[in-house]
Structures are given as C-alpha cells and as structure tokens.
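Read the structure below first, then the notes.
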Amino acid sequence: MQLNTILNRVGPFKSFVYGKAKWVEEAKRPTLAVEIHSRKNGRAICSGCGRPRPGYDRLPERRWEFVPLWGIAVYFVYAMRRVNCPDCGVTVERVPWAVGKCHLTTSYRWFLARWAKRLSWQEVASIFHTNWRNVFASVKHAVFWGISHRDLGGIEAIGVDEIQWQRGHHYLTLVYRIEDGMKRLLWVAQERTEESLRGFFQYLSEAERRSIRFVCSDMWQPYLKVIAEQVKQAVHVLDRFHIMKKMNEAIDEVRRSEAARLKRDGYEEVLKHSRWCLLKRKENLTEKQAVKLSELLQYNLRSVRSHLMREDFQRFWEYASPAWAARFLDQWCVRTMRSKIEPMKKIATTLREHRDLILNWFRAKGTVSAGPVEGLNNKAKLTMRKAYGFRTYEAIEIALYHTLGDLPEPNFTHEFC
Ligand SMILES: [Zn+2]
C-alpha cells in the first residue's frame, strides 16, 4: 500500500491530489515531505470571497506540518496559486488543509488541541516535538471554533463564582451551567465587578437569557446587583456552600484574634493547633482532635462559642418548609447579635440582609445546588495549577474554556486521537 492511499483515507481532498513523498535528508529527526498538486482543470478558490477565480500566478513552495505518522514528522508541500478576483483583487487561494498563514495543517491543530485536554501544554509540546506556542495556538483555534459553534439555548440553571488567580487580589468571574447531565463553563471574565458578570448576560440573546430559571451565587454585592437586574424571572439562590464558607471565615477570625489575645496576656496557648477542630464538622474529627475539642469546651472562649453557633446553624439546612426555616433563621440571628462576638454578628447582619435569597434555597430545593459549582471550581483551579507558562490572562481564559467548556468539535473524516 502506498502512503497516498493512507492519506486519501484520512484526509481526502476534492480538488487536490497527493503526489510523491520523500525523506527530508537534512532534517534532525525522520521527516517526510508529501507533495500536493492541484487537479488539472480545478480552479483555485479566492480566499477573500470563497469563489472559484481565474489563476494569476504561483508562489514559491510552502510547507505545512501534518499529524506525525509512527514518530515520523510529516509535512505537506505545495506551491500556492494566486487568483485574480474581480471582487477581492489578487489574493492567495484557499486550500482545504490549512487556514491563512498558519504553518500547521488544520488536522494537526485539532490533534494537538485534543491532546492538550489530557496533558499539560508543555507535555504535548515535548511529546510531539513542537513548541508551546504551537500548542497554545492550536488550543486557541479549537476554543474559538467551539465557542462560535456552541448552543446556548435552553439553559435553566447557572452558578456564578469567582476564583483567585495570580498573586494578590486578582479574580476571575466564572459562570457555569449546573444542570444534571449538563455541567460546563459558559463564561470567563477578568475581575469580579458588575461588568465582569454583566458581559455574560449581554452575550446571551433575549430568549437564552429568559430561559434561565435558577441562579446560584455567593453574597458578593456586584453579582447580586447584576443578577437582580438581568435575570428578574429567575429564582436566585444563595447557597449553603458559600454561606458556610463565610461562617468558617468568621470563626477563623475569632480564633486568630483570641489566640493573639491569650498569648499577649500570658495564658497558655490553648488555641494553638485548634484550627481544624473548630472548622470541621463533629463527625469528621480525628480522635486526637476530638480530645482537643473537649478540652477547649471547658473554657468559655469566644472561638468555642462561635463554633457552637455554627453547629447550631447547621440545623437550618434541614428544614423542609421555607416558613419554618425563616423562623429559625430569625431566631438564630437574634441570638447571635446578642453574643458580642463581632465577626459572628457581622455574619448575622449579612444573613438578615440577604434573608430572601437565602430562603430561596428551600424554594429551589432539589432543583439546584452549588455542589456542581464547587466541583467545577476545583477543576478550574487544577487547570490553572497545571498551567505552566500561563502568565497571561488570555492563556488562562483559553485553558479554562478548553478543559471545562465542553465545547463542540467539527466532524472529522478521520479521528487521529
Ligand atoms: Zn474574491
């Protein structure tokens, strides 16, 4: 069997034929160059307007890298024609194996992009003897294609969240679709401002925006504002995960300042090593931590009282009726406001301010939860950690869409990987 037979099977062309294949003697590793010829009588296609046009002249030969075969690099070699187009002037012809000035064939770009979903970009580059730039460009091409071909109709539930990136206070705003069987990243934007999120809703069509029935988010004010303004019809849920996270942060603050105070006053550092006892649920404690906790409970410490308040609050999530849950929430807030523990009082105030949105958790029960948001966020963090060489926002954005966007791909004549 000839190489051409294989090439015609994996990458057939209508108006071009594969010619001779030769070893490239001067190459550092085994490399094949495959000639391509235009068919006789086949007219060149203008790259400007896509119509067949009369020929003008021929450019010097160019090479495009194709998918490697058995560890052998494969290049296509072809001298492109220029056409004389009445609409576009003299332009270079369009060829089916590559786009524009790109020196990688389209098949090879998809090949690299697909591997880049499984391995880091650096690993893909080194395995296939190419460079990071080529892998990045291929992934970017796949993401652009996928985004322009994805269907955003019928979205019912979305989750909005922020994650930190780079050092310091840099954030990304992420919007996920969080329905059963359809969890994917829909949107990435820089910062966590109103504009970061508003951009998403403006990107949707009117009908796409109106199909959204549930929105899940944390208590970040700019998000709350934009959600209220852009998706009025949706039930907005402040979810359990984010609320308990806030509460844990408050407990941690109480513990830290108390530990500092005890140390200053010359008391035994009872709170040292106690962080995990206080943050964990009772049933998750190790035996040693449980002993530490019971020791701590002997003292009437603020950290301990905060811990008990949090444990008490867990009951809130078990209510079935929004009315009873509301009653519990109000009473918990009254008790906490009397506690004189500032960080906890701040939590109670926040809960009061967002009472309605928090109670929406019970109205949306069973339909939506932030579980998927948390899972997707963990994957996003992993993508960013693996992201060797991702210094720019653009690279991060492309990587996130690529791994979490569940983006469509074209139908291939042949699946190379
Ligand atoms: Zn044209």
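Please treat every number below as a calculation from the coordinates, not as lab data. What you are looking at is a predicted structure, and each value in this text was computed from that prediction instead of being measured. FYI the Cβ positions are ideal-geometry reconstructions off the backbone, even for glycines, and counts take in every protein chain you see.
Shape class of region 136-223 from the alpha-carbon gyration tensor: oblate, with a/c at 1.5 or above and b/c at least as large as a/b.
In the chain, helices alone account for a calculated mean residue ellipticity at 222 nm of -14000 deg cm²/dmol, with every DSSP H run of four or more residues adding -39,500 (n - 2.57). Here the Debye sum runs over all C-alpha atoms of region 1-92 as equal scatterers in vacuum, and log10 of I(q)/I(0) at q = 0.10, 0.23, 0.25, 0.26 Å⁻¹ comes out as -0.32, -1.14, -1.25, -1.31. Between Glu249 and Glu123, the simple spin-label model (points 7 angstrom out along Cα→Cβ) gives 3.4 nm. Residue exposure proxy: Val34, Val135, Val17, ordered by other Cβ atoms within 10 angstrom of their Cβ from fewest to most, comes out as Val17, Val34, Val135. Taking amide hydrogens as placed 1.01 Å from N in the peptide plane, the amide H of Arg62 sits under 5 Å from those of Tyr78, Ala79, Met80, each at least 5 positions away in sequence or on another chain. Using the Cβ-Cβ distance between Gln2 and Asp87 with R0 = 45 Å, the FRET efficiency computed as 1/(1 + (r/R0)^6) comes to roughly 0.65. Each Lys or Arg adds one and each Asp or Glu subtracts one; over the other residues with Cβ under 13 Å from the Cβ of Arg114, this totals +1. Principal axis extents of the C-alpha atoms in region 45-175 (largest first, rounded to whole Å): 56, 39, 30. From the alpha carbon centroid of region 37-94 to that of region 156-227 is 43 Å.
You can think of it this way: the chain between Arg240 and Arg261 has 4.4 nm of extra reach, that is 0.36 nm per residue less the Cα-Cα gap.
When the chain is treated as a Gaussian network with alpha carbon springs shorter than 10 Å, the biggest mean-square fluctuation among Arg150, Arg264, Arg114 belongs to Arg264.
Where the centre of each part is set by its Cα atoms, how far does region 243-259 sit from region 18-34, in angstrom? About 65 Å separates the Cα centre of region 243-259 from the one of region 18-34.
Relative to the dominant Cα principal axis of the chain, helix 302-313 is inclined by about 70°.
Shape class of region 188-228 from the Cα gyration tensor (axes a ≥ b ≥ c, square roots of the eigenvalues): oblate, since a/c reaches 1.5 or more and a/b does not exceed b/c. Taking θ as phi - 60° and the Karplus parameters 6.51, -1.76 and 1.60, the scalar couplings of region 84-89 work out to 9, 9, x, 8, 10, x Hz in sequence order, x denoting glycine and proline.
Each residue in Ile341, Ile158, Ile147 was given a count of other beta-carbon atoms within 10 angstrom of its own, and listing them fewest first yields Ile147, Ile341, Ile158. A Gaussian network model of the chain, with springs between Cα atoms under 10 Å, assigns the largest mean-square fluctuation among Ala27, Ala320, Ala116 to Ala27.
Region 331-374 has equivalent-ellipsoid semi-axes of 26, 12, 8 Å, by the square roots of 5 times the alpha carbon gyration tensor eigenvalues, sorted largest first. Between Cys49 and Asn411, the modelled label-to-label distance comes to 3.0 nm, taking each label 7 Å out from Cα in the direction of the beta carbon.
Geometric descriptor of region 330-417, per residue, is 194 Å³ (volume of the convex hull of the Cα atoms). In plain terms, the chain from Ala290 to Trp70 could stretch by 73.3 nm, reckoned as 0.36 nm per residue minus the Cα-Cα distance. With the simple model of a label 7 Å out from the Cα in the direction of the Cβ, Lys40 to His170 spans 6.0 nm. Compared with the rule-of-thumb size 2.2 N^0.38 Å for a compact globular protein, the chain has a Cα radius of gyration ratio of 1.36. Taking every DSSP bridge with both residues inside the chain, close to 75 percent are antiparallel. Residues whose amide H falls under 5 Å from that of Cys216, counting only those 5 or more places apart or on a different chain, are Ile158, Gly159, Val160, Val237, with hydrogens built in the peptide plane. For region 214-260, the extents of the C-alpha atoms along the principal axes are 47, 18, 6 Å, listed from largest to smallest. Computed from Cα atoms, the angle from the helix 106-118 axis to the main principal axis of the chain rounds to 20 degrees. Exceedance of the 31 Å cut-off in Cα-Cα distance is limited, within the set Lys117/Lys246; Lys183/Lys232; Lys225/Lys263; Lys140/Lys365; Lys345/Lys379; Lys140/Lys246, to Lys117/Lys246; Lys225/Lys263; Lys140/Lys365; Lys345/Lys379; Lys140/Lys246.
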